[in-house]
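K.L.:
Okay, here's the structure, questions in a sec.
What follows draws every value from the coordinates through simple rules; no lab data is involved. These numbers come from a predicted model, not from an experiment. We place every Cβ from the backbone using ideal geometry, glycine too, and count neighbours over all the protein chains shown.
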Amino acid sequence: MNIAVFGTGTVGPAVAAALVALGHDVVIGTRDPEATLARTEAGPMGGVPFAQWHAEHPGIRLTTFADAAAGADLIVNATNGSGSLPALTAAGEENLAGKVIMDIANPLDFSQGFPPSLNPVNTDSLGEQLQRAFPAARVVKTLNTMNASVMVDPGSVAGGDHSVFVSGNDVDAKARVSGLLADLGHRDIIDLGDITTARGTEMLLPVWLRLWGALGNADFNFKIAR
Ligand code: NAP
């Protein structure tokens with residue numbers, strides 16, 4: 001499959017490399033490719049600067065959001081929550097129409113410091129905002145409830161014995177995303193229902209953040225025992 005991964009932070013490169021390893025053709029979308037390659041700072045989670053990562057993955061092209069989306073069958077949204085609507089808008093409605101958008105972003109609001117709050121929350125979600133803004137696209141919220149390393153290597157935590165959620169209005173889109181999740185090694189994929197159920201998984205983030213603090217590392221995930 002031709003996949004466009006939007007995001008040059010921690011999640012985008014991790015997911016892009018994992019999808020390439022599964023045999024997909026992957027491009028990464030960014031606002032300004034030259035500016036992204038010129039960055040020298042390490043990622044927020046201590047990763048290497050994007051240019052260094054990119055040099056180690058020469059098969060993954062870096063381009064604009066619009067160019068990446070134009071040739072893609074499926075788009076992964078791994079942009080900052082506050083940047084997701086701008087990123088998809090820059091991609092162009094015509095380049096998103098009919099396509100599956102696998103949305104990993106969380107609407108974290110750091111304006112009042114740490115821990116962040118959520119915006120939107122309770123009666124709306126980022127997943128719903130994206131679906132409303134691009135009604136012809138098929139948004140599936142998933143993977144936002146775990147760390148990037150667990151997303152792409154679920155077996156690294158408890159042998160993969162934990163859960164991942166999918167939320168979306170389109171049954172076929174959820175099936176395609178669930179197939180990718182299974183290929184990545186996820187075994188307990190729980191379909192929560194339509195895109196409004198993304199409110200629930202986005203609202204797990206306050207719990208996830210406190211667990212991170214309490215456990216002292218991000219190598220954990222939620223398991224729905226039943
Ligand atoms: P991030 O720092 O949250 O986001 C980086 C990406 O957001 C970059 O590609 C950047 O574009 C884009 N971006 C930021 N502001 C933008 C704007 N105004 N317009 C367009 N694009 C904008 O990176 P991350 O830590 O990898 O997280 C990505 C998403 O996944 C976030 O929503 C986060 O909440 C969620 N998430 C992260 C983790 C994790 O392990 N880090 C786990 C679960 C969910 P440029 O490339 O142009 O700079």
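K.L.:
Give the order of 50, 222 when sorted by the count of other beta carbons within 10 angstrom, beginning with the fewest.
P.N.:
222, 50
K.L.:
Sorted from fewest to most neighbouring beta carbons within 10 Å, what does the list 132, 138 look like?
P.N.:
132, 138
K.L.:
Skipping prolines and chain starts, which residues have an amide H placed within reach, meaning under 5 Å, of the one on residue 188, given they are 5 or more residues away or on another chain?
P.N.:
Counting only residues 5 or more places away or on other chains, the set is 162, 164.
K.L.:
I would also like to ask the following. For residue 223, which aspartates and glutamates qualify as cross-link partners when the Cα separation must be under 17 Å and same-chain residues fewer than eight apart are set aside?
P.N.:
153, 161, 188, 191, 202
K.L.:
Where a ≥ b ≥ c are the square roots of the eigenvalues of the C-alpha gyration tensor, would you call the chain rounded, which needs a/c under 1.5, or, failing that, prolate if a/b is larger than b/c, or oblate?
P.N.:
It is rounded, given that a/c, with a ≥ b ≥ c, falls under 1.5.
K.L.:
Going by how many other beta carbons lie within 10 Å of each one, how would you line up 39, 199, 61, fewest first?
P.N.:
Lowest count first: 39, 61, 199.
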